[in-house]
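The values are calculated or read from the model by the stated rules, or taken from the named source; none is laboratory data. Because the structure is a prediction, the values reported are computed rather than measured. No Cβ is skipped: glycine too gets one built from the backbone with ideal geometry, and neighbour counts run over all protein chains shown.
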Amino acid sequence: MEKKEKMFALVVLWRESSLTRKVFAEQHGINMGTFTYWCRKHSNELLKPVRQEGFVELVAGSKAVCQSIDPVAELEFPGGLRLKIY
């Protein structure tokens with residue numbers, strides 16, 4: 001297991017615990033600054049938008065899908081222009 005995976009697993013374990021970050025780090029023998037770094041890195045990873053490059057096949061669905069409140073696909077162009085397909 002590489003270091004990133006190991007540290008992310010510890011961050012998840014900490015978030016599921018009722019311990020403070022400091023106490024958790026001490027119990028696992030991790031420097032507080034190091035653990036804070038990995039907590040921040042894990043949060044940034046979770047917030048990173050998922051980007052799909054290339055072509056995506058869009059298939060017309062039923063009438064119920066077409067009347068959905070949420071877009072089925074969304075394209076974002078440079079400059080902030082967005083095309084939402086419902």
Can you pull out the residues in the range 8-30 that are surrounded by 12 or more Cβ atoms within 10 Å (Cβ to Cβ), among the aliphatic types (A, V, I, L, M) and under 16 Å from the mean Cα position of the chain (by Cα)? Ala9, Val11
Could you check, for the range 31-41, whether at least one of its residues is modelled with pLDDT of 75 or more, surrounded by 10 or more Cβ atoms within 10 Å (Cβ to Cβ), among the β-branched types (Val, Ile, Thr) and assigned to a helix (DSSP H, G or I)? yes
Restricting to the range 1-57, name every residue that is farther than 30 Å from Glu74 by Cβ and polar (S, T, N, Q). Ser17, Ser18, Thr20, Gln27, Asn31, Thr34, Thr36
Pairs only if they're at least six apart or on different chains, beta carbon under 8 angstrom, first in the range 73-86 and touching a residue at least 40 places away in the same chain (Cβ under 8 Å) and of a type in the set (Val, Ile, Thr), second exposed (fewer than 11 other Cβ atoms within 10 Å of the Cβ) and not in a strand (DSSP E or B); list them, first residue then second. none
Show the residue pairs that are 6+ apart or on different chains and have beta-carbon atoms under 9 Å apart, the first residue being within the range 1-20 and closer than 15 Å to Lys41 by Cα, the second being surrounded by fewer than 10 Cβ atoms within 10 Å (Cβ to Cβ) and hydrophobic (A, V, I, L, M, F, W, C). Ala9/Met1
